[in-house]
Structures are given as structure tokens and as C-alpha cells.
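The values are calculated or read from the model by the stated rules, or taken from the named source; none is laboratory data. All figures in this text were calculated on a predicted structure; none of them were measured in a lab. All Cβ positions, glycine included, derive from the backbone under ideal geometry; neighbour counts span all protein chains shown. To get the accessible areas, we keep the full protein, side chains included, count just its heavy atoms, and leave off ligands, DNA and RNA. Shrake-Rupley method; radii C 1.70, N 1.55, O 1.52, S 1.80 Å.
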Amino acid sequence: MDRTFVMIKPDGVQRGIIGAIISRLEAKGLKLVAAKLTMLPEEKVMEHYAEHVEKPFFPSLKAYVMSGPVLTMVWEGRGSVAIVRRIVGATNPAEAAPGTIRGDMGMETGKNVIHASDSDESAAREIAIHFSADELVDYTRIDEPVLYE
Ligand code: IDP
């Protein structure tokens, strides 16, 4: 089954919207298979955001994601990478569509509440950065037989 990596960033944790965000993903039918509340060490930030290290906004991005605890998660479901990206919305919350997490819960790109993998390759890479294989829990959600055709 497809898996995606999702992280509630420090602003989302500090603002007390973890539950509201998880509710949206759960109600969609996605299955939570791993979760960890943690402070990201610098080496994980460098690895996770390797493609952005040379960008002008990287120093502020790094300070932002290290400014407090994050909730790292792995969510599973058929087509989960694309589904979660649509639920999360555009990078800039000011432009993200209403109904999306960023569109409903954020104001600016520099504090955009949540991260979600943008491809299956990114998901596999990001899951491996943040979780070991034995932290991914294998179980069946009781509604799975009625969620899928
Ligand atoms: P994404 O998170 O929607 O996939 P990316 O372009 O991959 O967006 O950027 C990664 C993260 O870097 C964003 O979620 C945001 O936190 C931060 N970021 C991207 N562009 C800017 C910017 O122009 N200013 C400040 N932060 C930015």
C-alpha cells in the first residue's frame, strides 16, 4: 500500500491544531502507521530539505522547523501521496484553496503548518530519514473493506 510522510511543523504544534489536522486525514480514510513528537536535529533538517539547502530562504526554513517540536507521521492508503498533497494545499497558505489544511489554517509561506511528501520517491526517502522500519506499524483499519472498491 502507498505511504506518505507528513510532518506538522512547529507552528501547527504550538497552535494546538494537531488534532484538527489528524482528524482530516483520518476521516479521509488514510491509515496512520507511525507518529513521533520530536525536536528535529540539524542533520535531519539538512537531509530532509537537501534540495533547498542553497535557496535564500533556507536559513529561515531551518530555524523555523527547529524552533519547537514537530509531529512526524507516516500515513498509508491507495494513492496517499497525491491525496495528502491535495488535502494539504498550495505552499503559500495565502493562496491555498479554502478547504485545504494550509488554506484553512495558515497565513504565510514561512509558517505553513505542515509538510507532505511530493512524490512516491520523496515519501520513501523522507520516511527512511525520520523512521526506522520497525517503527512502522502493520495493522488493519476496521473500515478498510468498505473504503476501497
Ligand atoms: P512544499 O512544502 O509545499 O512542498 P517546497 O517548495 O518544497 O514546498 O518548500 C519547502 C518548504 O520551504 C515550504 O513548505 C516552506 O516551509 C519553505 N519555503 C518555500 N519557499 C519559501 C519562501 O519563499 N520563503 C520562506 N519559506 C519558504
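Within the chain, what is the longest stretch that has no chymotrypsin sites (Phe, Trp or Tyr not before Pro) placed in a DSSP loop and near at most 10 other beta-carbon atoms within 10 Å?
Numbers: sites that count: Tyr139, Tyr148.
Longest site-free region, per DSSP loop and neighbour criteria: 1-138.
Using only Cα atoms, what is the ratio of the radius of gyration of the chain to 2.2 N^0.38 Å? Walk me through the intermediate numbers first.
Numbers: Rg = 14.8 Å, N = 149, 2.2 N^0.38 = 14.7 Å.
Normalised Cα radius of gyration, the chain: 1.01.
Treat every Asp and Glu Cβ in the chain as -1 and every Lys and Arg Cβ as +1, leave all other atoms uncharged, and give the resulting dipole magnitude about the Cα centre to the nearest 20 debye. Kindly include the intermediate steps, with their values, before the conclusion.
On the way: 17 positive and 22 negative charges, 95 e Å.
Here the size comes out at about 460 debye.
In terms of Cα to Cα distance under 24 Å, which lysines are near enough to Lys111, apart from those fewer than 8 places away along the same chain?
Straight-line reach from Lys111, under 24 Å: Lys9, Lys36, Lys44, Lys55, Lys62.
If you take the beta carbon distance between Thr109 and Leu37 as r and set R0 to 41 Å, what does 1/(1 + (r/R0)^6) give as a FRET efficiency, to the nearest 0.05?
Details: r = 24 Å, r/R0 = 0.59.
It comes to 0.95.
What angle, in degrees between 0 and 90 and rounded to the nearest 10, separates the Cα long axis of helix 18-28 from the longest principal axis of the Cα atoms of the chain?
So the inclination is approximately 40 degrees.
Need the C-alpha centroid separation for segment 68-119 versus segment 17-49, integer Å.
What the calculation gives is 10 Å, centre to centre.
Just in segment 86-138: which GluC sites (Glu not before Pro) are loop by DSSP and have at most 14 other Cβ atoms within 10 Å?
Working: sites: Glu95, Glu108, Glu121, Glu126, Glu135; in loops: Glu95.
Answer by residue number: Glu95.
Using θ = phi - 60° and the Karplus relation 6.51 cos²θ - 1.76 cosθ + 1.60, list the HN-Hα couplings for segment 68-80 in order, rounded to whole Hz, with x at every Gly or Pro.
Result, ordered by residue: x, x, 10, 10, 8, 9, 10, 10, 10, x, 4, x, 4 Hz.
Could you work out [θ]222 nm for the chain from helices alone, using -39500 (n - 2.57) per DSSP H run of at least four and dividing by all its residues? Round to the nearest 500 deg cm²/dmol. List each step's numbers first, then the result.
Details: 8 runs with 60 residues, N = 149.
Using -39500 (n - 2.57) per qualifying helix, the result is -10500 deg cm²/dmol.
Ser117 accessible area, nearest 10 Å², 1.4 Å probe?
Estimated to the nearest 10 Å², Ser117 gives 0 Å².
I'd like the projected area of segment 62-149, averaged over all directions, using the convex hull of its alpha carbons. Report it in nm² with one decimal.
On the way: hull surface 29.0 nm².
Hull-based average projected area comes out at 7.3 nm².
Checking the cross-link filter: which aspartates and glutamates have an alpha carbon closer than 13 Å to that of Lys28, excluding same-chain neighbours under 8 positions apart?
Lys28 reaches Glu76, Asp143, Glu144.
For Arg141, Arg3, give me the order by solvent-accessible area with a 1.4 Å probe, most accessible first, ignoring ligands, DNA and RNA.
Details: Arg141 50, Arg3 85 Å².
Result of the area sort, largest leading: Arg3, Arg141.
Return the distance in nm (one decimal) between the two label points of a simple spin-label model at Ser132 and Leu147, each offset 7 Å from Cα along Cα→Cβ.
Going from the Ser132 label point to the Leu147 one covers 2.7 nm.
Under a 1.4 Å probe, what is the accessible area of segment 3-133 per residue, stated in Å²?
Numbers: 6140 Å² over 131 residues.
Spelled out: the 1.4 Å probe surface of segment 3-133, per residue, equals 47 Å².
Any idea how far apart Asp120 and Tyr139 come out in nm if each label point goes 7 Å out from Cα toward Cβ?
Taking the simple label geometry, Asp120 and Tyr139 are separated by 2.7 nm.
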